[in-house]
Amino acid sequence: MSIELPTESQWEYAAQSVSNKPYQTNLTVIADSKGPSGMLGGYWEFTADAFVPLARYLGSTSKVLQDSADIVVKGGSYLNDPNHIVAATVGVQSREACSETTGFRIVWTK
C-alpha cells in the first residue's frame, strides 16, 4: 500500500464523481458516505503533477520530481467565485508555498 498525492487526473476523476455536491464557501466540510466531500471550494489542493504549460493538450503529464517545480493545484478556495471554479480548473503554486487557502488530499493505492 502506498500513500501519495493524487495526480491531476485522479483529482479530477474524484471531483467529477461528486459533482452534485455544493461548492464549499468555508473550511468546514461535512463528510458523508457518498464519496469525497469538499472537492470544490474550501481550499486549493496540491496534486503530484508539475505545472507544464499546455501539457494536457500535448498529451503529456509530469510528476513532480524537482524541488523547484511549480505544481498543479485544484479545487479553488473559499475566496474564489464559485461560478469560475469547476473540476477542470487549474491553479499553479510553488511547492514551498504555504497559506490558509492551500491544502492536500491523499490517495491510497494497493
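Hey, which aspartates and glutamates would be in cross-link range of K110, C-alpha to C-alpha under 12 Å, not counting anything within fewer than 8 residues on its own chain?
Qualifying aspartates and glutamates at Cα under 12 Å: E4.
What are the residues whose amide H is under 5 Å from the amide H of L40, where those residues sit 5 or more places off or on another chain and H is modelled from the backbone?
Excluding prolines and chain starts, which carry no amide H, the hits are Q24.
Would you mind checking which residues have amide H under 5 Å from G103's amide H? H placed 1.01 Å from N; only 5 or more apart, or other chain.
Distant-sequence amide H within range of G103: W44, E45, F46.
Output wanted: per-residue J couplings in Hz (rounded whole) for the range 94-110, from phi through Karplus 6.51 cos²θ - 1.76 cosθ + 1.60, θ = phi - 60°, x for Gly and Pro.
Couplings: 5, 4, 8, 5, 9, 7, 6, 10, 10, x, 8, 9, 10, 10, 9, 10, 8 Hz.
Given H placed 1.01 Å from N in the peptide plane, which residues other than close sequence neighbours of D49 have an amide H under 5 Å from its amide H?
Excluding prolines and chain starts, which carry no amide H, the hits are E8, V64, V72.
Could you go through the range 14-25 in sequence order and give the Karplus-derived ³J(HN,Hα) for each residue, using 6.51 cos²θ - 1.76 cosθ + 1.60 with θ = phi - 60°, rounded to whole Hz, and x for Gly and Pro?
Residue by residue, the range 14-25 yields 5, 5, 5, 6, 10, 5, 7, 7, x, 5, 7, 9 Hz.
Bear in mind these aren't lab numbers, they're just calculated from the coordinates by the rules spelled out. This is a predicted model, so every value here is computed, not measured.
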